[in-house]
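Please read the structure below before turning to the comments.
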Amino acid sequence: MVTVKYAHSILTYIPYVLVLVDLRYEGVNCDKDGGVESHLAMGKKLLAAGQLADALSHFHAAVDGDPQNYMSYYRRATVYLAMGKSKSALPDLSRVIELKPDFTSARLQRGNLLLKQGNLDEAESDFKRVLQSSPTDQEEKEAHGQLTRSDGIQRLLAQAQDTFNNKDYAGAVTLLDPIIEICVWDVSSREMRAECFIQMGEMGKAISDLKATSKLKSDNTKAFLQLSTIYYHLGDHEMSLTYDEAVSKYEAVMKTEPNVPQFSHHAKERICHALAQGQQHSSRAVKVCSEVLEADPENANALKSRAEAYIQEEQYEEAIRDYEEAGKHSENDRQVKEGLEHAQRLLKQSQKRDYYKILGVKRTAQKREIIKAYRKLAQQWHPDNFQDAADKKRAEKRFIDIAQAKEVLTDPEMRNKFDNGEDPMDPETQQGAHNHHHFQQGFNPFGSGPFSFKFGFN
C-alpha cells in the first residue's frame, strides 16, 4: 500500500520534472534576472504541463519586464481563462489589442467575453473587426456565428423589455431565459428576470438570480438589499446566518453607500430587526430601532422589532405601545396581533410571580445558567440555615419559590407556557389541572422529618 502511494507521488511530479528537463535541454536560463523571453518560454512549458499558478507567476514577470510586449499579456490572459478568471483576462486582452490591433485571436476572445457579459455593442464591434482583418477560415466562421447570435439577442432584449413594461412577467421570463443562457454574466438581464420572479411570487428563483448578480457585480448593495427583503418576508430573516453576522453585513452596506439615504435606512432597519431577533443585544436593538423610527415614525417593521426588544428588556408597557402603534400602520398584521397579546400577558404575569426574577436570570438564559442560579439560591435559602422561627418560615416560602422556578424553567413545555404568559404553577390558569407535580425532577423540598431536604440536581 505504501509502495503504491509512493509511486503515485512520483507520478504526480513527472510532468513538472519533464518540463524542467526540457527547458534545461533547450538551454533556457530563468534565473532571478532572467529575460522576458526566458519567462515566456518557462511559462509556456508550465502551462502545457498544467502548472497554471507557476505559469502565471512567469507571465507576471514577463509583463513587468516588458510592458510593451503584447505576447506577455496574451499568454497571461490565456492562463487566466484556463483558471476561470475571465474578469482578469479581459484587461489583458484589451492591452494586447491596444499594442497589436491586428491580433485577431485576442480580439475574437475578447468579443466572446464581452458577449457573455452582455456588452453586445462592444462584442459586435470586435467580431466585425475580426472579419475585416484577414482572419483564418475558423476565425471567420466563429466571428460570423457570434455576430448572428448577438443580433438575435439584441432583438430578444428589446422584446423582453417591452413585455416587462407591459407587466407580462411570465412572457418576459420566457424571452430572458435564452438571453441569459448565452450572456451568462449579464447582470442587467438577471436583475430583470429576478424582478419578474418576484412579481410572479417565485421567490426561490428570484433569490437564485439575485445571488448571481451579487457575485457578478462587486459591491452590489442593491442586490443584497433585495435579497434581505425577500428573506425578511419569507420569515428566513438572515439567510441562515447568525444574527451577529447579519448585523455585520448590513453595517458593511451602510459603509459602502454612506451617501445613499435609501440604502442606509433599509440597512439600519435590518440591523434593528437582527438585533431584536438575536436576543443578546436588546438594549442596542431599542437604540437602533428608535433611530429608524426618528426618520420614519410609521415604520411598522421597526415598531415590531423594537417591541420585541422591549419585551427582552422586560419593558412590557413600552412593548404594548409599540405594537398598538404598529397596528395603526399595518392593518390585519398577524405579527402585531400576536405580539400585542403576548406583551399584554407578560405584563399581567409580571405583576404576579416571575420565575426569571426569582432566580435572577434573563429570559434568554440557557438551562445551565438556570441550574447554576438555582443551586446558589437553594443553598442560600435552605431553611436549616435559619434558627429564628419567623426567618425559617420566610425561608421556607422563598425556598419553595426557588424550587418552582427551577422546575418551570428547566422543563421546556412549562417554560414555553410561562414565556407565553401562562403560569403552569397557577391553579387558576391551569383550570384545575394537576398542580402538585412541581418536583418531578428529583427535588423534594420537604421530605420526612423537619426540613429533611434532598438535593437531586439534574
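No value in this document is a laboratory result; all are computed from the given coordinates. Since we're looking at a predicted model, the values are computed, not measured. Please note: Cβ atoms are built from the backbone with ideal geometry, for glycine as well, and neighbour counts cover all protein chains shown.
Observations on the structure shown:
- Counted residue by residue at 0.36 nm each, then reduced by the alpha carbon distance between them, the extension gain from GLN280 to ASN165 reaches 36.9 nm.
- Its convex hull of Cα atoms gives the stretch 121-216 a direction-averaged projected area, equal to a quarter of the hull surface, of 6.6 nm².
- When you work out D = kT/(6 pi eta Rh) for the stretch 279-368 at 37 °C and 0.692 mPa s, using the Kirkwood radius from C-alpha pairs as Rh and the Stokes-Einstein form, the result is 242 µm²/s.
- Simple Cβ-charge dipole of the stretch 119-172, Lys/Arg +1 and Asp/Glu -1, about Cα centre, in debye nearest 20: 180 debye
- Eligible aspartates and glutamates near LYS352 by straight Cα distance, threshold 12 Å, same-chain separation 8 or greater: GLU422, ASP423, ASP426
- Kirkwood Rh, Cα atoms: Rg over Rh of the stretch 117-171: 1.17
- Remark: the GLN199-GLU298 segment gains 33.1 nm on full extension, using 0.36 nm per residue and subtracting the alpha carbon distance.
- Length-normalised contact order for the stretch 49-206 - Cα pairs under 8 Å, 6+ apart - percent: 15 percent
- In whole angstrom, the stretch 59-181 maps to an equivalent ellipsoid with semi-axes of 33, 17, 10, each derived as √(5λ) from the alpha carbon gyration tensor and ordered largest first.
- Its residue count N fixes a reference of 2.2 N^0.38 Å for the stretch 314-424, and the Cα radius of gyration divided by that reference is 1.33.
- Rounded, prolate or oblate (a/c below 1.5 giving rounded, otherwise prolate when a/b exceeds b/c) for the stretch 276-327 by Cα gyration tensor: oblate
- Of all aspartates and glutamates in the structure, those lying under 17 Å Cα to Cα from LYS128, and not within fewer than 8 positions of it along the same chain, are GLU98, ASP102, ASP137, GLU139, GLU140, GLU142, ASP151.
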